[in-house]
Every structure is written in structure tokens, then in C-alpha cells.
Amino acid sequence: MAKTFVGKITSVKMQDTAIVEVVRRVPHKLYKKLMKRSKNFKVDTKGFEVALDQDVKFVETKPMSKDKFFKIVEIIERK
């Protein structure tokens, strides 16, 4: 079963690749306050016209390069 993530595109400067930021909220171990934690992923964009600040759903795949292991499944429309 492949992992699926939802994130926001932060950079589209590379060819066929975008950088997507995934933000999650986790509780502090001691104080239990919710904190934001973010991570950037390099995502393959072949077959999709992507733009900055779009929300996308992407899935884990086999390695496509040294540090690109994900591809876009769909672009989530904002309302």
C-alpha cells in the first residue's frame, strides 16, 4: 500500500518536478500543545499543469531520481 499525502506547491522551477510542502499538526510530548511540523517533498509533475500555491494529492512510487520518490495523482481545486 503506497503512502498518500496532500500538500501545497511551493516551487515549480525545475523541469517535470515541483516541491510540495506537507504541514501536519503534532502534540508536544510534555505539554500536549499542538505544533505545526512541515516537510518538503520533490514530486514528479508529468501530465499535469501545476502552478504555485496549488493544493495537490501525491503518492509514493519507485525512485525516479536521487531524491524524487513521489508523483502527483490529482490537483485539488480550491472553492
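Residues in the stretch 18-55 that are exposed (fewer than 14 other Cβ atoms within 10 Å of the Cβ), assigned to a loop (DSSP other than H, G, I, E, B) and in contact with an Asp or Glu (Cβ under 9 Å, 6 or more places away or on another chain): how many? Before you say what the answer is, go through the steps one by one.
Kept after step one, since they are exposed (fewer than 14 other Cβ atoms within 10 Å of the Cβ), are these residues of the stretch 18-55: 21, 23-40, 46-47, 49, 51-53.
With assigned to a loop (DSSP other than H, G, I, E, B) added as a condition, the list becomes 28-33, 46-47, 49, 51-53.
Checking the rest, the ones that are also in contact with an Asp or Glu (Cβ under 9 Å, 6 or more places away or on another chain) come to 46.
Selection size over the stretch 18-55: 1.
So, in the stretch 1-34, exactly how many residues are over 22 Å from Lys62 (Cα atoms) and of a type in the set (A, V, I, L, M)?
Adding up the residues that qualify gives 4.
Restricting the first residue to the stretch 24-47 and requiring it to be in contact (Cβ under 8 Å) with a residue 12 or more places away in the chain and within 11 Å of Ile72 (Cα to Cα), which pairs with a second residue that is loosely packed, with under 11 Cβ neighbours inside 10 Å and among the charged types (D, E, K, R) meet a Cβ separation below 6 Å and a spacing of at least six or different chains?
So the pair list comes out as Lys42/Asp67.
Out of Met1, Met64, which single residue is assigned to a loop (DSSP other than H, G, I, E, B) and surrounded by 11 or more Cβ atoms within 10 Å (Cβ to Cβ)?
Details: Met1 fails: surrounded by 11 or more Cβ atoms within 10 Å (Cβ to Cβ).
Result of the check over Met1, Met64: Met64.
The numbers here are math on the coordinates, done by the rules we state, and not lab data. It should be emphasised that the depicted structure is a prediction, and the values quoted were computed from it without experimental measurement. Here the Cβ is made from the backbone with ideal geometry for all residues, glycine too, and neighbour counts use every protein chain on show.
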